[in-house]
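J.: Here it is: the structure, laid out below.
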Amino acid sequence: MPDVNPAPAIPHYDALVIGAGFSGLYQLLCLRDRLGLKVQVLEAGEGVGGTWYWNRYPGARCDSESHSYNFTFSKELFEEWEWSERYPEQPEIMRYLNHVADRFDLKRDIRFGTRVTGARYDEAANRWTVTTEAGERFSAQFLITAVGCLSTANVPKIPGLEDFAGQWVHTGQWPHEGVDFTGKRVGLIGTGSTGIQATPVIAAAAKHLTVFQRTANYSVPAHNAPLKPEFKQWVKANHATLREVMRSTPNGHPFVIADRSVWDVSDAEREALYEAAWAKGGLQFRATFRDLLVDKAANDTAAAFLKNKIREIVKDPATAATLADIDHPYAAKRPPIDSDYFDTFNRDNVTLVDVRAAPIERVTPDGLQTREASYPLDIIVFATGFDAMTGPLLKLNIEGRNGMPLAQAWEAGPRNYLGLQVAGFPNLFTITGPGSPSVLCNMPVAIEQHVEWITDCIAHLRAKGLARIETTEPAMAGWVAQVNDAAAATLLPEAHHSWYLGANVPGKPRVFMPYAGGMAHYRAICDEVAAKGYAGFALSD
Ligand code: NAP
């Protein structure tokens, strides 16, 4: 007799993709339209955009130049889209991603408002079952995470926050209705890329802004401006060239690192080159010399130049000294770029507080209290960053073979092969996972490479009649060593408090997470692995 109350059938797909930012959108397009797979994207937000959907804080803008912050896989798409400014602002990036989603009819296969809370691999069925916050379930042969690297907000556990009488917000979870700073005393904690972008905009709107700085940071002017028609034309006419440059440079940006050492030039020439790079602005400052990230003494010359700029711009000597008291090599932490950040400290309504010297002790009902003083506030803005790279993956509660939680497999830090797969987690792919260039690269370039590699890999399996791919322990051990070696060859690990190392989240294992060997080199490694029949992976039916 049939069951009168049968369990609802779980919808089954060839592939489930978690996230609808740059990576999820392109992965859907590749698997659905190029391979003909049945694909479902699950997205927590109510729209596409990923990181950009959530990061709506004032001043949110990308630090990749706009003509490089887009997909390059389609010449037509590249040529028809026109950015308005040198660096795209968050609303314009949202318009771009919505345009992509509509142009390729992607939204019909995305379920919005669907937060994934669990994923479990069933060995016998060779299937992943994914559970959502609302209790829905979906299953698929392949599970692909497209959750981004910087999507899990890090709100420090400061005692007393729950008793704060005012409003508090984290920049990465910004209210869609915005925050009205008019007439308000605002405290902003954090001076990473986000705090540096938000400071001038909040200062212009608020009655008073107090910036709480723990680690002083370098910043180079963005010199953002509307794009000239001639430049827009040049971009449209140079799709192939730009794509080639971005794919061949170590960091995926459309500029080439100068082939000269800091020591090839005289002191005066070096200063002139730094001045020219400062006048040009942006992340290209790093490209002034080839040895800035590998030779500490070379880096010191850039650091000295940038610290001098702070002292020149900021009028109050004590504030300038606190801002310029930077303890790490230039670009060893992700280098911010800004619009009038240092100049903002010349405003009468802005105060800098050094919370390295006198740490924040607690939030009180009416503000923040450091070891030395109390600061009455109406609004606290946490620009305190993210549980980067591993955070978004671990939050999914992924369980591999025999119920092994990913959190347990990564107890001592992330271990995987090529940043793409973890042994014990068959048919799971992690786009821009730890161990891949990801955040050390212009993200769309890293994303296109991963999505295309995963697509080719799944196409290969299907062509061979195979159903499963899983990396091996030895392949992972070898790759982890390569990731460590690549980082050790640079100055990057010298920024001890960097989120690249997980150091910004208390208790997180200190492991250098992104692959620092350069995007072009990484691409060649991945291509070779594929050409050798997916060496380092076990393929089976
Ligand atoms: P972040 O670089 O991690 O900076 C967080 C800031 O908060 C740091 O200054 C940190 O100080 C401070 N902080 C954290 N906990 C604190 C505490 N308990 N007390 C006092 N200060 C505390 O985060 P982010 O600025 O959001 O940037 C993260 C990344 O997002 C960037 O590096 C970049 O990759 C990306 N991003 C890009 C753009 C862009 O494209 N323009 C814009 C924003 C962000 P310590 O350094 O001492 O830990």
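J.: ILE380 is checked against (1) under 22 Å from SER139 (Cβ atoms); (2) in a strand (DSSP E or B); (3) among the aliphatic types (A, V, I, L, M) and fails just one. What number does that condition carry?
T.: (1)
J.: A further question on this structure: Within segment 14-50, work out how many residues are farther than 30 Å from LEU461 by Cβ and either surrounded by 22 or more Cβ atoms within 10 Å (Cβ to Cβ) or in contact with a Cys (Cβ under 6 Å, 6 or more places away or on another chain) (or both).
T.: If we filter segment 14-50 for residues that are farther than 30 Å from LEU461 by Cβ, which is where we start, we get 45-47, 49.
This time we only want the ones that are either surrounded by 22 or more Cβ atoms within 10 Å (Cβ to Cβ) or in contact with a Cys (Cβ under 6 Å, 6 or more places away or on another chain) (or both), so: 49.
The number of residues fulfilling the criteria is 1.
J.: Follow-up question, since we're still on this one. With LEU143, LEU188 as the choices, which residue is assigned by TED's automatic domain parsing to the domain that holds VAL130, crowded, with 24+ Cβ neighbours inside 10 Å and either within 11 Å of the ligand (Cβ to nearest atom) or closer than 30 Å to LEU461 by Cβ (or both)?
T.: LEU143
J.: Only one of (1) of a type in the set (Val, Ile, Thr); (2) over 24 Å from ALA409 (Cβ atoms); (3) crowded, with 21+ Cβ neighbours inside 10 Å is not met by THR430, so which one is it?
T.: THR430 satisfies every listed condition except (2).
J.: Looking only at segment 146-177, which residues are of a type in the set (S, T, N, Q) and in contact with a helix residue (DSSP H, G or I) (Cβ under 7 Å, 6 or more places away or on another chain)?
T.: The answer is SER151, THR152, THR171, GLN173.
J.: Only one of these is within 26 Å of ALA412 (Cβ to Cβ), away from the ligand (no atom under 14 Å from the Cβ) and either modelled with pLDDT under 95 or out of contact with any Leu (no Cβ under 8 Å at 6 or more places or on another chain) (or both): GLU448, GLU473, GLU452. Name it.
T.: GLU473
J.: Going through GLY192, GLY187 one at a time, which residue ends up being at pLDDT 95 or above and closer than 18 Å to VAL363 by Cα?
T.: Result of the check over GLY192, GLY187: GLY187.
J.: Looking for something under 30 Å from VAL355 (Cβ atoms) and in contact (Cβ under 8 Å) with a residue 40 or more places away in the chain - is there at least one such residue anywhere in segment 309-320?
T.: No, the conditions are met nowhere in segment 309-320.
J.: Name the residue that is farthest from the ligand (Cβ to nearest atom), counting only residues in segment 163-185 that are in contact with a Phe, Trp or Tyr (Cβ under 9 Å, 6 or more places away or on another chain) and not hydroxyl-bearing (Ser, Thr, Tyr).
T.: Filtering first and then ranking leaves ARG185.
J.: Let me ask you something else. Mind checking which helices (runs of 4 or more DSSP H) fall wholly inside segment 1-89 and carry at least 2 residues that are in contact with a strand residue (DSSP E or B) (Cβ under 9 Å, 6 or more places away or on another chain) and away from the ligand (no atom under 16 Å from the Cβ)?
T.: 22-29
J.: Among the residues that make up segment 162-184, is at least one of them of a type outside the set (Asp, Glu) and touching a His at 6+ places or on another chain (Cβ under 9 Å)?
T.: Checking segment 162-184: at least one residue is of a type outside the set (Asp, Glu) and touching a His at 6+ places or on another chain (Cβ under 9 Å).
J.: Could you please find all residues in segment 342-370 being among the aromatic types (Phe, Trp, Tyr) and either farther than 14 Å from THR199 by Cα or part of a loop (DSSP other than H, G, I, E, B) (or both)?
T.: Scanning segment 342-370 gives a single hit, PHE345.
J.: On to the next question. Kindly provide the set of residues from segment 201-222 that are in contact with a strand residue (DSSP E or B) (Cβ under 6 Å, 6 or more places away or on another chain), β-branched (Val, Ile, Thr) and either more than 11 Å from THR182 (Cα to Cα) or within 13 Å of the ligand (Cβ to nearest atom) (or both), ordered by number.
T.: Within segment 201-222, THR210, VAL211, VAL220 meet the criteria.
J.: Given the structure, is VAL529 surrounded by 14 or more Cβ atoms within 10 Å (Cβ to Cβ), among the β-branched types (Val, Ile, Thr) and under 27 Å from VAL294 (Cα atoms)? Let's see the steps before the verdict.
T.: Working: surrounded by 14 or more Cβ atoms within 10 Å (Cβ to Cβ): yes; among the β-branched types (Val, Ile, Thr): yes; under 27 Å from VAL294 (Cα atoms): no.
Considered against the rule, which asks whether it is surrounded by 14 or more Cβ atoms within 10 Å (Cβ to Cβ), among the β-branched types (Val, Ile, Thr) and under 27 Å from VAL294 (Cα atoms), VAL529 comes out as no.
J.: In segment 107-132, what residues are within 23 Å of the chain's Cα centre (by Cα) and assigned to a loop (DSSP other than H, G, I, E, B)?
T.: Scanning segment 107-132 gives PHE112, GLY113, THR114, ARG115.
J.: Restricting to segment 353-400, what's the tally of residues that are more than 30 Å from PHE429 (Cα to Cα), under 27 Å from the mean Cα position of the chain (by Cα) and more than 12 Å from the ligand (Cβ to nearest atom)?
T.: Here the count works out to 1.
The values are calculated or read from the model by the stated rules, or taken from the named source; none is laboratory data. None of the values given here were measured: they were computed from a predicted structure. FYI the Cβ positions are ideal-geometry reconstructions off the backbone, even for glycines, and counts take in every protein chain you see.
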